[in-house]
Amino acid sequence: MSASDGPLNGASLIENGWFIEKNSQWPGQANALEVKKVLLHKKTQFQDLLVFESSSFGNVLVLDGVIQITERDEIAYQEMMAHLPLFSCEEPKQVLVIGGGDGGCVREVVKHACVEKVVWCEIDGDVVEASRTYLPKISVRADDPKVELLVGDGVAFAENAKDNSYDAIIVDSSDPVGPAEKLFSKEFYENAHRILRPGGVICSQGECLWNNEDLIVTMSKEYGACYASAEYASMQVPTYPAGQIGAFLARKSGGAGSPSCRIPRRSVPADMELSYYSSEMHAAAFALPAFLQKKLQNKESEPQSKRQKLEWSSSS
């Protein structure tokens, strides 16, 4: 369902005991999970919020009819979104997390002993509270002393932040419609570049290579134009469309060594509790299918009118 279709009732996607994720962002396909019990359904100030207990993937968080996280496979997304950028930095101390109301990325960020402070800016406080209640193992570090939670617009916060403030920025957003739409713009990435320290890294939710190929190219070529490097990394998450999602990583110039984020700059501490991320997974994530690699290497940009990112009529 697109924003133009009007208000969404997430519970209406439950049919005969199954939540069926039908959405115009990925036409012609649908993911389904068996529902044991609806735990919460409400309209927040910004979106439709649904939490249900599934029969095989634990509790599930759904925003505007789209699965955001499940207790079973959240480790893949959360660990890669946090550790890809942080292990690409020499010694990140100041980290900004935009979005990620479930608290999973924050949980992973504070595992890094070198991190001194995490500013966490989430626009929808109801998502944070729902996650505290129904996803406690994911939001477990929301009250960590290193974490400062700000309920508000992450785009506005970044616009008002000081130059060279952060070693890493993690943008854990939903899809580029509704509350997250402003996070998918050239202006946001130019501003993120301003507030990153030299050599700093931004990592954003980068969409699915099977459904959002043109957006990935736009992010790499246009949004990443002011950065020293702009790359796409892939991860496998069974309950996301096509079982895959990506991370868009870009590094600001000024740091030592290669600007690429493909190789981690620090070793994983032996006592860091991880279930998906490893140094090997880090490097492997940047190995992409030939069709996408060719598009990313093609220096001739498509006309703006052809980019699905702008309309989301067929792939959103």
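The values are calculated or read from the model by the stated rules, or taken from the named source; none is laboratory data. All of these numbers come straight from a predicted model, not from anything done at the bench. Neighbour counts are summed over all protein chains in view; Cβ atoms, including those assigned to glycine, are modelled from backbone coordinates with ideal geometry. Areas reflect the complete protein model, heavy atoms only, side chains present, ligands, DNA and RNA absent. Shrake-Rupley method; radii C 1.70, N 1.55, O 1.52, S 1.80 Å.
Here are some notes:
- Protein heavy-atom surface of the chain, 1.4 angstrom probe: 50% of the accessible area is carbon and sulfur, with nucleic acids and ligands not counted.
- Computed over the chain with a Gaussian network model linking Cα atoms closer than 10 Å, the most mobile of SER204, SER24, SER131 is SER24.
- Once backbone amide H atoms are built at 1.01 Å from N, ASN164 has ILE195, LEU196 as its partners under 5 Å, excluding neighbours fewer than 5 places away on the same chain.
- Listed residue pairs exceeding 19 Å between alpha carbons, taken from LYS42/LYS137; LYS111/LYS146; LYS117/LYS162: LYS42/LYS137
- Sequence-distant contacts, meaning Cα pairs under 8 Å at least 6 residues apart, place the relative contact order of segment 66-124 at 36 percent.
- Each residue of segment 151-156 is assigned a 3J(HN,Hα), and the resulting list reads 8, x, 6, x, 5, 5 Hz, derived from the Karplus form 6.51 cos²θ - 1.76 cosθ + 1.60 (θ = phi - 60°), x at Gly and Pro.
- Bridging of LYS294 to lysines at a Cα separation below 17 Å is possible for LYS221, once same-chain residues fewer than 8 apart are set aside.
- For segment 56-65, the Karplus equation 6.51 cos²θ - 1.76 cosθ + 1.60, evaluated at θ = phi - 60°, returns couplings of 9, 10, x, 6, 10, 9, 10, 10, 6, x Hz by residue, with Gly and Pro reported as x.
- Using the Cβ-Cβ distance between LYS117 and HIS41 with R0 = 45 Å, the FRET efficiency computed as 1/(1 + (r/R0)^6) comes to roughly 0.80.
- Burial ranking of peptide ranges 267-278, 112-123, 82-93, 146-157 (average Cβ count within 10 Å, highest at the top): 82-93, 112-123, 146-157, 267-278
- Label-point gap, in nm, between SER12 and ASN191 - each point 7 angstrom along Cα→Cβ: 3.3 nm
- Think of a 1.4 Å ball rolled over the protein heavy atoms: segment 81-213 then has 35 Å² of accessible area per residue.
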